[in-house]
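Just so it is clear, none of the values below were taken in a lab; they were calculated from the coordinates. Model, not experiment: these values are computed from the prediction. A quick note on method: Cβ atoms are made from the backbone with ideal geometry, for glycine too, and the neighbour counts reach across all protein chains shown.
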Ligand SMILES: O=C(O)CCC(=O)C(=O)O
């Protein structure tokens, strides 16, 4: 199977071309087995706390779980976000999703917002507004392990996915079931058609999704940042939470970029 596999760290020209062509990249071995296990245990805790039943999404887990907080600015992934966005962006949300044991096929969709959908910004070429880094926390190296399934290049399709396919959840010869180990990251464009694939295992599958957006997009997993989280987290993470000061009216004259470790922010 062809795979748009990317390395850790800075976005290369080849990776940029792959991302633009397919709409996603797969970054293997971002987390060690031990780190993935810690994040998995954290995921179980936050879903238990939130009392999710069946398929469920819990936001803000990075505030209470240090293992998940560390993924917000992971050095294997954050440089790819910078490579695609430049230096000024925020982490718009962090959602932890559970695909339950023996969970069925999810519905095909593009990411967006019911309140003001992204296809109102531009159609058919929907802009990059939510760049998602999905950390796989359970093994998904074979199909039917609650994998993500994406349609390569569909973020550039001039026609929507036929309604019949979306309703019936049928298979599609161009659906790419992402097969990767726990600790791998899938990085994808909001407009790529995707769905959660079936899960035949007798255990719950967890994936931690971080969504990065331009700085003028409102966060979607929180109405306000947690003051105690801001107080104890790092300056870079505070900036990613949208905590920066602007010199004037919204974004007119720019603002200082987040304090990236390499000091190269422009
Ligand atoms: O974790 C998953 O299975 C993906 C969920 C999904 O497609 C989404 O949140 O848009």
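If the segment from residue 48 to residue 101 were pulled out straight at 0.36 nm per residue, it would be longer than the present Cα-Cα gap by 17.6 nm. Centroid-to-centroid, using Cα positions, the stretch 102-154 and the stretch 180-196 are 7 Å apart. Classify the stretch 130-266 as rounded, prolate or oblate, taking a ≥ b ≥ c as the square roots of the eigenvalues of its Cα gyration tensor: rounded when a/c is under 1.5, otherwise prolate if a/b is larger than b/c and oblate if not. Here the stretch 130-266 falls in the prolate category. Placing R0 at 22 angstrom, the Cβ-Cβ distance between residue 13 and residue 125 gives a FRET efficiency of 0.50 after rounding to 0.05. What percent does the relative contact order of the chain come to when contacts are Cα pairs within less than 8 Å and at least six residues apart? Contact order relative to length: 27 percent. Of all DSSP-defined beta bridges confined to the chain, some 95% are antiparallel rather than parallel. A simple spin-label model places the labels of residue 109 and residue 144 2.6 nm from each other, with each point 7 Å out along Cα-to-Cβ. Cα centroids of the stretch 1-37 and the stretch 207-228: 23 Å apart. Packing, as the average of other Cβ atoms within 10 Å across residues, places the peptides 89-101, 73-85, 26-38 in the order 89-101, 73-85, 26-38, highest first.
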